[in-house]
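See structure below.
The values are calculated or read from the model by the stated rules, or taken from the named source; none is laboratory data. What you are looking at is a predicted structure, and each value in this text was computed from that prediction instead of being measured. Cβ sites come from the backbone with ideal geometry, for glycine too, and all protein chains shown count toward neighbours.
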Amino acid sequence: MFIGNRPQLPLASSGCSCCTPAGAPEQADTQPSDAAQQPSSAVGNFDAGASFQRDFAVEGMTCGHCVRSVETAVSAVAGVTSASIDLVPGGRSRLTVKGSASDADVREAVTAAGYALA
């Protein structure tokens with residue numbers, strides 16, 4: 001099958017959120033837990049404009065394309081200065097976010113990219 005001038009090839013992986021063929025059954029959506037670590041600056045007097053680093057666990061990523069999808073989505077969030085992922089294919093990958101964005105905004109960006117925080 002051709003789309004435009006590029007052939008559409010069948011995908012071998014069905015466990016990858018970014019590469020799952022359209023129409024394939026989706027996994028049940030689970031409510032992510034609050035496993036994200038709170039920065040020490042979040043205790044006591046929290047300055048919403050302060051910049052800090054937080055780590056989140058992301059499930060469902062299996063390849064470099066998954067990593068780029070999430071890093072791009074999270075990097076686009078207002079207040080994020082950097083986002084990077086240590087990939088654990090098929091497991092819980094670590095997303096490190098630097099900046100002043102809220103946990104809710106990071107969670108929303110990860111969800112919009114097709115993944116879930118663990």
Those residues of segment 64-78 which are more than 13 Å from Tyr115 (Cα to Cα), surrounded by 15 or more Cβ atoms within 10 Å (Cβ to Cβ) and in contact (Cβ under 8 Å) with a residue 12 or more places away in the chain amount to Val77
In segment 79-118, residue surrounded by the most Cβ atoms within 10 Å (Cβ to Cβ) [restricted to those that are within 14 Å of Thr62 (Cα to Cα) and basic (Lys, Arg)] | Arg92
Determine whether segment 55-63 contains at least one residue that is at pLDDT 95 or above, surrounded by 20 or more Cβ atoms within 10 Å (Cβ to Cβ) and not aliphatic (A, V, I, L, M).
-> yes
Flagged in segment 79-108 as closer than 18 Å to Ala118 by Cβ and part of a strand (DSSP E or B), in numbering order, are Ala83, Ser84, Ile85, Asp86, Arg92, Ser93, Arg94, Leu95, Thr96, Val97
Taking the condition at pLDDT 50 or above, of a type in the set (Val, Ile, Thr) and either part of a loop (DSSP other than H, G, I, E, B) or touching a Lys or Arg at 6+ places or on another chain (Cβ under 7 Å) (or both), does Thr72 pass?
-> no
